[in-house]
Amino acid sequence: MTRENLLFQGLIVLVSIICISHSARIMYDVSIVPEHCLHAKAIEANYTPRGGEYEIGNLTVYESQNRAAKRVLILVYDIFGMSTNIKQVGDSIAELYDFRVVIPDFFRGLPWNASNFPPANPLDIQNWLEQNPGWDTVVKYDILTVINAFQTRENITEVGIFGMCWGGKISTLAATEIPEIKAAGLVHPSSVSNSEADGVKAPMYLLPSSGEPDMLPFYEVLQQKFGDNCGHRRFDDMSHGFAGARGNFSNPLNVERVEEVIDILGVFFNRNLNNTS
Ligand SMILES: *[C@@H]1O[C@H](CO)[C@@H](O)[C@H](O)[C@H]1NC(C)=O
Ligand SMILES: *[C@@H]1O[C@H](CO)[C@@H](O)[C@H](O)[C@H]1NC(C)=O
Ligand SMILES: *[C@@H]1O[C@H](CO)[C@@H](O)[C@H](O)[C@H]1NC(C)=O
Ligand SMILES: *[C@@H]1O[C@H](CO)[C@@H](O)[C@H](O)[C@H]1NC(C)=O
């Protein structure tokens, strides 16, 4: 073998090692993902949802337009229900990162009325939530119903969950109590305390805004459990709800941040859910 050949092979090996170690790392930190791997321009101002609604038992779900994918993400909305913003985030992740994204209508068509926000008495929302079907009584079973439907009808078992505000709390409970959930994302989650990290059984990505308490203690527990396979990105320049129903998707900075959320979660779920079956 000539010296040139050896040098060439050495170079190939070196480049391969760099690529492999790089691609192993990109799953965990979007700031070092090569630009061409990210899918910008995910969000537009006057969006028309591209998916549609159907029933699973007595539960209505919205599903994004990509029905050919082999993995499911359950997207848990905020208290404002089936908003165009939430649908747009779902549609974008579905299309850009190849997932079936399903938004269950847990509130059965009766979300919190967005015209009454913020309410004069902030406790009104708390009271309203308590009158609504709760995690133990309905929401957990709705999620199990969705998982079961995909498993039996479509043979899909790769399932992740993510949610905004109230949906962040629900996603935490799902990652704690539902073993089928393989990964979870929390986007400006409401009422999630750091002590809840102890019970979490699936890798998680935390995306708090300036409206939430410090989630680094939660993240530290995740790191102890899952090593590098978890993440934390705090949006100090965004307020609570920026990626949900009340996010301003006409504001360029808000849009940029939502696109970052989409890329972070897309890369994270891509790493954790198998796409080969
Ligand atoms: C919806 O279906 C589930 C499971 O079949 C059942 O337990 C639940 O009571 C039903 N809910 C309503 C509102 O009918
Ligand atoms: C929401 O509240 C507004 C203002 O109070 C009211 O006009 C509207 O009818 C309400 N919408 C629903 C669906 O209850
Ligand atoms: C949304 O952002 C746009 C562009 O910055 C701004 O003109 C508009 O007033 C904002 N809308 C609301 C409801 O804050
Ligand atoms: C269901 O998926 C499993 C795992 O990918 C595969 O081995 C099996 O053949 C599939 N079954 C059907 C009926 O498609």
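Things to note:
- A245, sole failed condition from (1) more than 16 Å from ligand 2 (Cβ to nearest atom); (2) in contact with a helix residue (DSSP H, G or I) (Cβ under 6 Å, 6 or more places away or on another chain): (1)
Residues checked against (1) within 16 Å of ligand 1 (Cβ to nearest atom); (2) within 19 Å of N248 (Cβ to Cβ); (3) part of a helix (DSSP H, G or I); (4) more than 16 Å from the chain's Cα centre (by Cα):
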site: N85; (1), (2), (3), (4): no, yes, yes, no
site: E95; (1), (2), (3), (4): no, no, yes, no
site: V101; (1), (2), (3), (4): no, no, no, no
site: S115; (1), (2), (3), (4): no, yes, no, yes
site: P119; (1), (2), (3), (4): no, no, no, yes
site: D142; (1), (2), (3), (4): yes, no, yes, yes
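- Filtered residues of the stretch 253-275 (kept if modelled with pLDDT under 95 and over 22 Å from M204 (Cα atoms)): none
- Filter result for the condition that a residue is more than 16 Å from ligand 1 (Cβ to nearest atom) and not acidic (D, E), over A149, A175: A175
- Conditions (1) closer than 20 Å to I74 by Cβ; (2) loosely packed, with under 14 Cβ neighbours inside 10 Å: number failed by S250: (1)
- Residue match in the stretch 231-247 (condition: of a type in the set (D, E, K, R), more than 22 Å from F80 (Cβ to Cβ), assigned by TED's automatic domain parsing to the domain that holds I74 and touching a Leu at 6+ places or on another chain (Cβ under 6 Å)): yes
- Inter-residue pairs, beta-carbon under 7 Å, first in the same structural domain as D98 (by TED's automatic domain parsing) and farther than 14 Å from V89 by Cα and in the stretch 51-67, second of a type in the set (A, V, I, L, M, F, W, C) and within 16 Å of ligand 1 (Cβ to nearest atom), 6+ apart: E53/V61; Y54/V61; I56/V146; I56/A149; V61/V146
The values are calculated or read from the model by the stated rules, or taken from the named source; none is laboratory data. Just so it is clear, the model here is predicted, and its values are computed rather than measured. Every residue, glycine among them, receives a Cβ derived from its backbone with ideal geometry; neighbour counts consider all protein chains shown.
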